[in-house]
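Report on the following structure.
The values are calculated or read from the model by the stated rules, or taken from the named source; none is laboratory data. Nothing here was measured: the structure is a model prediction, and the numbers come from that model. Please note: Cβ atoms are built from the backbone with ideal geometry, for glycine as well, and neighbour counts cover all protein chains shown. Side chains are part of the model used for accessible areas, which takes the heavy atoms of the whole protein and leaves out ligands, DNA and RNA. Shrake-Rupley method; radii C 1.70, N 1.55, O 1.52, S 1.80 Å.
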2 protein chains.
Amino acid sequence: MDRRKFLVGAGLGIIAASAPISISAFGAPTKKTTKSGRLKLSFTPFELKLRHAFNLAKSSRTSTPGVQVKLEYEGVVGYGEASMPPYLGESIASVTKFLSKLDLSQFNDPFKMEEILAYVDGVEAENRSAKASVDIALHDLVGKLIGQPWYKIWGLSLDKIPQSSFTIGIDTPEVVKQKIKEADDYKVIKIKLGLDNDKEMVDIIRQCTDRPICVDANRGWKTKEQALEMCEYLADKNCLFVEQPMMEDKLDDTAWIRERSPLPIIADEVFHRLPDIVKLKDYYDGINIKLMKSTGMSEAYKMITLARAFGMKIMCGCMTETSCAIAAAAQLSPLIDWADLDGNVLIAQDVFDGVKVIDGRVTPSDKPGIGVTPIKGLYPEF
Amino acid sequence: MDRRKFLVGAGLGIIAASAPISISAFGAPTKKTTKSGRLKLSFTPFELKLRHAFNLAKSSRTSTPGVQVKLEYEGVVGYGEASMPPYLGESIASVTKFLSKLDLSQFNDPFKMEEILAYVDGVEAENRSAKASVDIALHDLVGKLIGQPWYKIWGLSLDKIPQSSFTIGIDTPEVVKQKIKEADDYKVIKIKLGLDNDKEMVDIIRQCTDRPICVDANRGWKTKEQALEMCEYLADKNCLFVEQPMMEDKLDDTAWIRERSPLPIIADEVFHRLPDIVKLKDYYDGINIKLMKSTGMSEAYKMITLARAFGMKIMCGCMTETSCAIAAAAQLSPLIDWADLDGNVLIAQDVFDGVKVIDGRVTPSDKPGIGVTPIKGLYPEF
């Protein structure tokens, strides 16, 4: 007698049927999960207030617009989110407009992820963070239906997760020192350069900590000579790599820097989606994958395969996000070289539990899906 | 009260604990699956007798050496197999020697697939079909622990599976006619050319059927001019593509053919593992992925991502295999352009249930893992 029949026979059929995460347990998962129910998407705008004003080479801000997303199927809820720093060209209006266009109720089988995500991707050309919010929620949902976290579904080991950096915005020495203190859990410090006071900033950091640093120039360096000089300077300061030294269109200058730089040169603003990897492989040493650029976990996973085939380095970054999108990225972080997954710590108030910093590594929980739980009273009702 | 507590409270704890596939149901999968048990590998030589002698451009044979593999973890068994057509350089002796070297009991968590397969791959440089047998068994095992077939874990839809070809070996017209009759389930005929009577062979096929054909030249054409002439001839005969027109080292000749050929040119013997794709992309239009060359499902899945990024065509072929390895390949076939998964029909006696030909599509079952069941009395005891 199989377990399903046994449970029903023992009068437990109702409990078995009403425990949504247990769907995969009864040996006939396909019949159980594909034939009934429809995907139901809901969302709400949700502004993320920042703990500190975020000063980049070209902008400053105190909050990041966001949208929280739920994808429901037969009582199981997958969580996702979009985070829209202004430089990516998305907003609460554009994301909610995009999500309103989607008709996910046409799908009655959440396992057909490739088909569902191809549909979502095809609705508009851009809207990458909006697409990411659906992708993350779908992964969370399917992982819950499967009963496993994605790092396990992908066959990965948590002990392969690299230590994450913690980003320190450009600021006064006093504030920087305070931020370094707050970053005590993290073993690597990331700094945003590309202004006139770069070396001063590095000096301040080096007065406060001897932890390795990594540098994001945020397109701020004006000439290839200046960029190379900075790379050489930083190599002496225990720096691991340099992101986006110059503007996106300066590909030849970047290749020139890369040829001479003692530090790996990583593509960030110039890099968005899978096909960009083929275009960038001769100009950059590596890529910075962010779920809000990649349209989510599915394409990010493919990016890793492709970049590895070219021998490229891989880092995984984030926007200012809740632990929802951070946990999603953490699921695939055992595959990468460098993690920069601190977005949930940069916001004033997280609304999810689901990642822990263990020995500097941003580690997902062992719960199914992306492994997050909304925090009661903080997660918005919708 | 959660389900696990409920079951234990109701006196059903023993049943819950002894139902291996239900591990994922209780909300704490990691603790349950990682801390106890060890992987246990066992295997036995198993010769596959062919239904018809298999005549290729350069060889003929009546059986294929094989090895059947089991990978066990806490009472759950994953099935795999190696098939070793002589031209790949493996044998029962080399496969069993390789498998004997493996110490999989060092692993207590089958979900760490990347780590386990990296270990297997590192034990020797070659032994690709031996590695594939472990990879397939591991996928079957983990899919069973998850409770889902791999096509669902990968987010794929069965209705995206392309129609499979059925291979007709070079033979007398009488035998060819008989074989075409046997291939009635299949909508595409594959023929092996590369001998002196190629056009005669095509004529025989076209006397028997108007189904589309695809052609595997098996390196048999001697000059690029002869190969191009055949491609042009075949394009008029409702042929879909041509595999491996010339020897592996004739890359420039192949690029010359490809530039002029009305039919896509697919890499087979020249193509084995993931890094080959980068090398071959400028010479071939596509690749023929076979699990016995790719070392299994994990690398095959990555191959698809990589080849797609280059805009390459993808076919998935097979050796003479039981439904075990065929079902494994069928799991990822929704991602490919052309399937050539007839190996289980070419053997005299299959020992697994697990794939069905539905409207010409080789379709896996909805059972977890690779979805196969050993046939009692036929599957060898070991």
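What the table below lists for this structure:
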| item | result |
| --- | --- |
| Whole-Hz couplings from phi, Karplus 6.51/-1.76/1.60, listed for region A:141-153; x for Gly and Pro | 4, 5, x, 5, 5, 6, x, 9, x, 5, 4, 6, 4 |
| Set of aspartates and glutamates near B:Lys356 by C-alpha distance (under 17 Å), chain-local residues within fewer than 8 positions excluded | B:Asp159, B:Glu182, B:Asp184, B:Asp185, B:Glu321, B:Asp340, B:Asp342, B:Asp366 |
| Interface A:B - total buried accessible surface [probe 1.4 Å, Å², rounded to 100] | 3900 |
| For A:Ile370, distant residues with modelled amide H under 5 Å away | A:Asp140 |
| Degrees separating the helix B:113-123 axis from the principal Cα axis of chain B, which is the longest one | 60 |
| Considering only chain A, percent of DSSP beta bridges that pair antiparallel, nearest 5 | 50 |
| Distances in nm from A:Glu182 to the matching label points in the other copies, shortest first (labels 7 Å along Cα to Cβ) | 7.3 |
| Interatomic Cα distance distribution for region B:119-229, bins of 5 angstrom, percent | 2, 9, 14, 12, 11, 12, 13, 13, 9, 3, 1 |
| Phi-based couplings in Hz for region A:330-337 (Karplus 6.51, -1.76, 1.60; Gly and Pro marked x) | 4, 4, 9, 5, x, 8, 10, 8 |
| P(r) of chain A over all Cα-Cα pairs, binned every 10 Å from zero, in whole percent | 5, 24, 32, 23, 10, 4, 2, 0 |
| Residues in region A:291-313 occluded by at least 30 Å² - accessible area, probe radius 1.4 Å, against chain by itself | A:Tyr301, A:Lys302, A:Thr305, A:Leu306, A:Ala309, A:Phe310 |
| Amide hydrogen neighbours beyond the local backbone of A:Val357, cut-off 5 Å, H modeled | A:Thr363 |
| Reduction of at least 10 Å² in accessible surface, 1.4 Å probe, comparing all protein chains with the chain by itself, residues of region B:359-382 | B:Asp366, B:Pro368 |
| Long-range amide H partners of B:Val351 with built H, under 5 Å | B:Ser323 |
| DSSP beta bridges in the protein assembly as shown [antiparallel fraction, %, rounded to 5] | 50 |
| Rounded tilt (10° steps) of B:173-182 against the dominant C-alpha axis of chain B | 30 |
| Filter on B:Lys101/B:Lys279; A:Lys40/B:Lys367; B:Lys199/B:Lys237 - keep pairs with C-alpha separation over 22 Å | B:Lys101/B:Lys279; A:Lys40/B:Lys367 |
| Carbon/sulfur fraction of accessible area - region A:211-314, other protein chains in place, 1.4 Å, % | 47 |
| Rounded to the nearest 10 Å², the accessible area of A:Trp150 at probe 1.4 Å | 10 |
| Nm distances between copies for B:Lys97, ranked from closest, using label points 7 Å along Cα→Cβ | 6.7 |
| Accessible surface, per residue, of the protein assembly as shown when the full set of protein chains is kept, probe 1.4 Å, Å² | 37 |
| Choice from B:Tyr73, B:Tyr87, B:Tyr186 with maximal GNM fluctuation in chain B (Cα, 10 Å cutoff) | B:Tyr87 |
| Cβ charges +1 (Lys, Arg) and -1 (Asp, Glu), total dipole of the protein assembly as shown, debye | 2200 |
